[in-house]
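S.K.: Sharing a structure with you now.
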Amino acid sequence: MSCSRTQSLAINELWRSCGLKVKAIKSSMATVFHFCAETPPDSMFTDIQTLNKFPEEQFEHLVEIVFQFLVEPNKSSRLLSQLDEFSQQHGVSSSGLKNVIKSLLTIPNSALRKNLGPSQLQEDLVNLGLSEEKAVHFGEQWRTNLLALSRSALGQTLMVNQLVDMEWKFGVTAASSEMNKVGNTFLQLKLVINKGNKTENVYMELTLPQFYSFLHEMEKAKSSLEYLS
């Protein structure tokens, strides 16, 4: 159901005015983030705080759209059409919404490379100004989709670039902000990929279930290549 004209105006007004509050909010929060080494730009604080204005149902719909794209990043046209449809349905600025989603996508993409857990991701979102309730929902979706996200990220890396070499080593988590991670076994991957005129090292950290899923996908790819050769 479409939001009211009053709600639409309130959301659009927030995009214009929220920037004035960013510095005050940033100064009252931690400056250390898990998903990035430096303090994010003011525009990201503004975009993430804008999400607080959406009712729960609309916010959850946006999160669903975001995770659909994260799992299938090759379907950018679907993402844009979904955002246009959402904008028309709820009477919000299409360009403003796309800026918000662009900032939001930056966070899980970086979190995936750094193997962040749901609580770390939630903490970063709260520090950016997202409400606790909305951050918890995003963290729950992160936990639910993490295996598919890891598989997609590995697939994209190998699809775009030629794999030259791969090294791995196992480790055990000795300390973590999430108690249930302490004592867990993980695998660190080093992929050497060919980028044309140079090689580049790509580092990833996987849990054992994620590694076994990745291994299964590699075995399927090998079988397909042997069948076609």
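The values are calculated or read from the model by the stated rules, or taken from the named source; none is laboratory data. All of these numbers come straight from a predicted model, not from anything done at the bench. Counting neighbours? That spans all protein chains shown, and the Cβs are built from the backbone with ideal geometry, glycine included. All accessible areas refer to the heavy atoms of the entire protein, side chains included, with ligands and DNA or RNA removed. Shrake-Rupley method; radii C 1.70, N 1.55, O 1.52, S 1.80 Å.
S.K.: Within the group 109, 99, which residue is in contact (Cβ under 8 Å) with a residue 40 or more places away in the chain and polar (S, T, N, Q)?
M.R.: The unique qualifying residue is 99.
S.K.: Next question. Looking at the stretch 171-185, which of the residues that are open to solvent by less than 40 Å² (accessible area, probe 1.4 Å) and touching a helix residue (DSSP H, G or I) at 6+ places or on another chain (Cβ under 7 Å) is modelled with the highest pLDDT?
M.R.: Here the residue is 173.
S.K.: Something else: Looking only at the stretch 75-93, count how many residues are open to solvent by 40 Å² or more (accessible area, probe 1.4 Å) and free of Cβ contacts under 8 Å to residues at least 24 places away in the same chain.
M.R.: 10
S.K.: Among helices (runs of 4 or more DSSP H) lying entirely in the stretch 1-77, which contain 3 or more residues that are at pLDDT 85 or above?
M.R.: Fully inside the stretch 1-77 and qualifying: 42-50, 56-71.
S.K.: Are there any pairs with C-beta distances below 7 angstrom linking a residue in the stretch 49-74 that is over 26 Å from residue 147 (Cβ atoms) and touching a residue at least 12 places away in the same chain (Cβ under 8 Å) to a residue that is small (Gly, Ala, Ser) and surrounded by 18 or more Cβ atoms within 10 Å (Cβ to Cβ), with the two at least 6 apart or on different chains, and if so which?
M.R.: Once the first residue is over 26 Å from residue 147 (Cβ atoms) and touching a residue at least 12 places away in the same chain (Cβ under 8 Å) and sits in the stretch 49-74, its partners that are small (Gly, Ala, Ser) and surrounded by 18 or more Cβ atoms within 10 Å (Cβ to Cβ) give 49/129.
S.K.: Here's a check for you: in the stretch 35-59, which residue that is more than 17 Å from residue 95 (Cβ to Cβ) and among the charged types (D, E, K, R) is surrounded by the most Cβ atoms within 10 Å (Cβ to Cβ)?
M.R.: Going through the qualifying residues, I end up with 42.
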